[in-house]
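Trainee: Take a look at the following structure, please.
The values are calculated or read from the model by the stated rules, or taken from the named source; none is laboratory data. Source: prediction; values computed, not measured. As a convention, Cβ positions derive from the backbone with ideal geometry for all residues, glycine included, and neighbour counts pool all protein chains shown. With ligands, DNA and RNA removed, areas are computed over all heavy atoms of the protein, side chains included. Shrake-Rupley method; radii C 1.70, N 1.55, O 1.52, S 1.80 Å.
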Amino acid sequence: MSTSQIIAIVNQKGGVGKTTTTINLSTVLATTGANILVIDLDPQGNTSTGFGVSQQDRKNNIYQALIGEISINQCIITTQVPNLNIITANTNLSAIELELVPLKDREYVLSKILKSLSSTYDYIIIDCPPSLSLLTINALVAADKVLIPMQCEFYSLEGLSHLLKTIELIEKNLNPKIKIIGILFTMYDKRNRLTEQVEEDVRRCLGDLVFNTTIPRNVRLSEAPSYGQPAILYDHKCSGSIAYIELTKEILDKKILYGE
Ligand SMILES: Nc1ncnc2c1ncn2[C@@H]1O[C@H](COP(=O)(O)OP(=O)(O)OP(=O)(O)O)[C@@H](O)[C@H]1O
Ligand SMILES: [Mg+2]
């Protein structure tokens, strides 16, 4: 594999499972032997916390790389997961929005610095903040693929159509190579009738774009970050971990990461 596939995990709605998906998908991919770089692009720094990275260990982080203070290679650190490195974030990153505004190529900053990475990764997985801010736009411009986690709730539908329009605009104007690899239902509860209805609507409208795999609501997934561990390591047999393993298989089987 010569170049990295860059996957952005995006939804402007908060709390839909972006970070949980980033952490567990990247961990399962790493267990297949792939070389992974995770980028925490959210000032909340939840992905960094979820991998157990302390605040002290985030001294060199994505913010400094974006403003050009240090090189991107200087902010990569290893994690407890073999084959998986991370670029962390902390609250400093919230200042970036204003700092990018005056720049002419402000949408391309992340894309440019990723090109200067010295080691080759099979996958670079970017966890985005809950907004369609310049940070998220930078991720979408850098990305080859987009994965959209969503909850089966009524209000999710409006958010989804806005997000799909944004991705279309990005494809037209800023990044023609971008492709959606799939919409992932998270915190899925089959017993809830609204879940069923929203799922039906989305599958009817978007068909193939929706993953067959769904991620169930599972308390082990929400406990794992407080131990600084991906759920896959914390409890690889829980229903949530099993679902993320299934999701990874579905992605690899369909060859959607490298196919057209
Ligand atoms: N399948 C699940 N079952 C139970 N809890 C979950 C599940 N997925 C995520 N959670 C929990 O729900 C909360 C939100 O999840 P997460 O942080 O992954 O969402 P997010 O989209 O990254 O949020 P934000 O928009 O704030 O970045 C967290 O407390 C997480 O542990
Ligand atoms: Mg998050």
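Trainee: Has the range 174-188 got at least one residue that is farther than 30 Å from ASP105 by Cα and open to solvent by 10 Å² or more (accessible area, probe 1.4 Å)?
Mentor: yes
Trainee: Continuing with the same structure: Please name all residue pairs, on different chains or six or more residues apart, with Cβ atoms under 7 Å, provided the first residue is in the range 10-27 and is within 17 Å of SER131 (Cα to Cα) and of a type outside the set (Lys, Arg) and the second residue is near ligand 1 (Cβ under 9 Å from one of its atoms) and assigned to a loop (DSSP other than H, G, I, E, B).
Mentor: Filtered contacts from the range 10-27: VAL10/CYS128; GLN12/PRO130; GLN12/SER131; GLY14/PRO130; GLY17/MET187; GLY17/ILE215.
Trainee: Do you know which residues across the range 233-249 are under 18 Å from the mean Cα position of the chain (by Cα) and open to solvent by less than 20 Å² (accessible area, probe 1.4 Å)?
Mentor: GLY240, SER241, ALA243, TYR244, LEU247, THR248
Trainee: Those residues that are among the basic types (Lys, Arg) and open to solvent by 30 Å² or more (accessible area, probe 1.4 Å), I need them from the range 110-149; list them, please.
Mentor: Within the range 110-149, LYS112, LYS115 meet the criteria.
Trainee: Shifting gears a bit: Filter the range 18-37 down to the residues that are near ligand 1 (Cβ under 8 Å from one of its atoms) and either surrounded by fewer than 24 Cβ atoms within 10 Å (Cβ to Cβ) or more than 21 Å from GLY240 (Cα to Cα) (or both) and list them by number.
Mentor: THR21
Trainee: Looking only at strands (runs of 3 or more DSSP E) that lie completely in the range 45-136, which have at least 2 residues being under 19 Å from PRO225 (Cβ atoms), more than 16 Å from ligand 1 (Cβ to nearest atom) and touching a helix residue (DSSP H, G or I) at 6+ places or on another chain (Cβ under 9 Å)?
Mentor: The qualifying strands (runs of 3 or more DSSP E) are 84-87.
Trainee: Please name all residue pairs, on different chains or six or more residues apart, with Cβ atoms under 9 Å, provided the first residue is in the range 215-231 and is away from ligand 2 (no atom under 16 Å from the Cβ) and basic (Lys, Arg) and the second residue is outside any strand (DSSP E or B) and at pLDDT below 95.
Mentor: Every condition considered, the pairs that remain are ARG217/ASP189.
Trainee: Can you find even one residue in the range 90-109 that is open to solvent by 30 Å² or more (accessible area, probe 1.4 Å), under 21 Å from the mean Cα position of the chain (by Cα) and closer than 23 Å to LEU29 by Cα?
Mentor: no
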